[in-house]
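The values are calculated or read from the model by the stated rules, or taken from the named source; none is laboratory data. Fair warning: this is a prediction, and the values are worked out from it, not measured in the lab. Cβ placement follows ideal geometry from the backbone for every residue including glycine, while neighbour counts extend to all protein chains displayed.
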Amino acid sequence: MSESEARPTNFIRQIIDTDLASGKHTSIHTRFPPEPNGYLHIGHAKSICLNFGIAQDYQGQCNLRFDDTNPEKEDIEYVESIKNDVNWLGFEWSGEICYSSNYFDQLHGFAIELINKGLAYVDELSPEQMREYRGTLTQAGKHSPYRDRSVEENVALFEKMKNGDVEEGKMCLRAKIDMASPFMVMRDPVIYRVRFANHHQTGDKWCIYPMYDFTHCISDALEGITHSICTLEFMDNRRLYDWVLENITIDCTPHQYEFSRLNLEYTVMSKRKLNQLVTDKLVNGWDDPRMPTISGLRRRGFTPGSMREFCKRIGVTKQDNTIEISSLESCIRDDLNENAPRAMAVLDPVKVVIENFDGETETLMVANHPNKPEMGMREVPFSRELYIEGEDFREEANKKYKRLVLGKEVRLRGAYVIQAERIEKDAEGNITTIYCTYDKDTLGKNPADGRKVKGVIHWVSAEAGIAAEIRLYDRLFTVPNPGAADDFVSVINPESLTVLHGFVEPSLVTAEAEKAYQFERIGYFCADNKDSSADHLVFNRTVGLRDTWAKIGD
């Protein structure tokens, strides 16, 4: 692959190329700055691939920095999960992990500098009054009655806030910018507030915490970030980003660039909504395989390569759009079709008895991949009693049905041709056993008399097969844009998880967690990374062999 093929181009990379060519920068330094208040989702994967990918391709650096200025919503569990996600996607951060809390002393010093310059003041308006004073998009805001306090008074009050002598919500520190600005973010934004909360990194050292817009730009500058890349909703905030850096004494002045966030059909990307799904137990945790979190997709069987390929295919632009979920599924199908070994599993078992099979169980050698002999062969036991899928047998059928029909033949995958002779049913009329005969001269070849056997079905030895729990995961929502619903919970798909109890071939008893297999004729599956064990196999469906939703939508 040539370098031009290896490097996807986009407007941010074009800016970087220009900056390097002009000498504005001699090296590139990016960062990925998640807030540790939840698990990362696939939208974050796009940002990870962008920031870390740029650093890789330009032989630069990329920091992992936790934006940890909101201790009430943050947890060390989220810190660890984010580190794991970045590593799993195939990236390494430069140097030590960074935390915004590393800079709390410097941030406090810069806040004092703004106060001393007459560019920040302690305000005592209530949150409700502050909203009222801020104005609207068409009406200018008005000045707080506390806006013209002296520098000395502001310094003293800010010290009281820092020392814990002020109740939460009674005072805050605001930047003094322009209450008539057409940009709401510039109307004297809050830059510090009082919070009596234990911090996962700094403990109880602080009871004042800086706001994101004040913290982020200064953290970028302190780390020497050259290109601060974020999503489009922060476009107006760039004015505040630049204002803060222009009005404090700091050497580095990074620039912010915005790109469109990832919107994906049949999912929600709002952390608030994802958190609601978890806390209301509408899903089984942040890593539920129906969730769009990186850990959920990983548990479902998505591979790092498929995720990186997806991010590459959707590209980086300034245009907001919604990506079809079939695009994501196409990436994992392409990956697993090429790389996943094959195996056989029966999800809805019905017993087959081969009446003319009198010998002991045979061991057949079956290819692990039809197009990759280098992936080797595996042993599959063949016995007198087998399981096949219930849908693979009919008493009567037309010529289009290529599976087992009473009185007709079909080939068992990798094994013999069998013919259905008779059946047994239970009191409710359900088929319990299909009695067959087999042609013992058809292993790996067609019948000697030239009979044409067109159908092929999969099977598992009833004697050697291993019982397994099969979890069929589907889209979590029934509509493409659940976030637009009046109540997104009301459009949760009641069939997003179906649990079946079937049988798998014995080679799968040692299946590694997250290792993908194609269950022949069914789909791609992996052993669950939490619940599966040799004593209780649990397989998650990653994706079907084909996009069945496309047919439903037509």
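Consider VAL543 carefully, then state whether it is within 28 Å of ARG394 (Cα to Cα) and either more than 26 Å from the chain's Cα centre (by Cα) or of a type in the set (Asp, Glu) (or both).
Working: within 28 Å of ARG394 (Cα to Cα): yes; either more than 26 Å from the chain's Cα centre (by Cα) or of a type in the set (Asp, Glu) (or both): no.
The answer is no for VAL543.
Quick grid of which residues meet (1) under 30 Å from ASP251 (Cβ atoms); (2) at pLDDT 95 or above; (3) not small (Gly, Ala, Ser):
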residue: GLN56; (1), (2), (3): yes, yes, yes
residue: GLN59; (1), (2), (3): yes, yes, yes
residue: CYS98; (1), (2), (3): yes, yes, yes
residue: LEU107; (1), (2), (3): yes, yes, yes
residue: ALA111; (1), (2), (3): yes, yes, no
residue: ASP123; (1), (2), (3): no, yes, yes
residue: GLY135; (1), (2), (3): no, yes, no
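Just the residues that are part of a strand (DSSP E or B) and either modelled with pLDDT under 95 or hydroxyl-bearing (Ser, Thr, Tyr) (or both), please, taken from the range 1-44. Break it down stepwise before answering.
The initial filter retains those residues of the range 1-44 that are part of a strand (DSSP E or B), namely 29-32, 41.
Matches in the range 1-44: THR30 only.
Out of all the residues in the range 504-527, is one or more crowded, with 16+ Cβ neighbours inside 10 Å, of a type in the set (Val, Ile, Thr) and within 30 Å of the chain's Cα centre (by Cα)?
Yes, because at least one residue in the range 504-527 is crowded, with 16+ Cβ neighbours inside 10 Å, of a type in the set (Val, Ile, Thr) and within 30 Å of the chain's Cα centre (by Cα).
Select, from SER47, SER27, SER22, the only residue that is out of contact with any Cys (no Cβ under 7 Å at 6 or more places or on another chain), surrounded by fewer than 21 Cβ atoms within 10 Å (Cβ to Cβ) and touching a residue at least 40 places away in the same chain (Cβ under 8 Å).
Numbers: SER47 fails: surrounded by fewer than 21 Cβ atoms within 10 Å (Cβ to Cβ); SER22 fails: touching a residue at least 40 places away in the same chain (Cβ under 8 Å).
Testing whether each residue is out of contact with any Cys (no Cβ under 7 Å at 6 or more places or on another chain), surrounded by fewer than 21 Cβ atoms within 10 Å (Cβ to Cβ) and touching a residue at least 40 places away in the same chain (Cβ under 8 Å) leaves just SER27.
Looking at the range 220-238, which of the residues that are closer than 12 Å to ARG65 by Cβ and among the charged types (D, E, K, R) is surrounded by the most Cβ atoms within 10 Å (Cβ to Cβ)?
Out of the qualifying residues, it is ASP220.
Yes or no: ILE332 assigned to a strand (DSSP E or B) and either modelled with pLDDT of 95 or more or of a type in the set (Lys, Arg) (or both)?
Spelling it out, it is not the case that ILE332 is assigned to a strand (DSSP E or B) and either modelled with pLDDT of 95 or more or of a type in the set (Lys, Arg) (or both).
May I ask you to list the residues in the range 70-117 that are in contact with a Leu (Cβ under 9 Å, 6 or more places away or on another chain), of a type in the set (Ser, Thr, Tyr) and closer than 18 Å to TYR192 by Cα?
Scanning the range 70-117 gives SER100, TYR103.
Only residues in the range 335-351 that are assigned to a helix (DSSP H, G or I) count as the first member; pair them with residues that are of a type in the set (Asp, Glu), Cβ under 9 angstrom, at least 6 apart or cross-chain, and list the lot.
Qualifying pairs under 9 Å: ASP335/GLU309.
Please list, ordered by residue number, the helices (runs of 4 or more DSSP H) wholly in the range 215-327 having 1 or more residues that are in contact with a Cys (Cβ under 6 Å, 6 or more places away or on another chain). Step through it out loud before you land on a result.
Working: elements: 237-246, 271-279, 294-300, 304-314.
Helices (runs of 4 or more DSSP H) meeting the threshold: 237-246, 304-314.
Would you be able to say whether some residue in the range 291-311 is modelled with pLDDT of 95 or more, farther than 22 Å from VAL86 by Cβ and crowded, with 19+ Cβ neighbours inside 10 Å? Step through it out loud before you land on a result.
Going through the range 291-311, the residues modelled with pLDDT of 95 or more turn out to be 291-311.
Those left that are additionally farther than 22 Å from VAL86 by Cβ: none.
No, the range 291-311 has no match at all.
Report yes if LYS402 is basic (Lys, Arg) and under 18 Å from ILE522 (Cα atoms), otherwise no.
yes
Which number in (1) surrounded by 19 or more Cβ atoms within 10 Å (Cβ to Cβ); (2) more than 31 Å from the chain's Cα centre (by Cα) marks the one condition that CYS217 misses?
Here CYS217 clears every test but (2).
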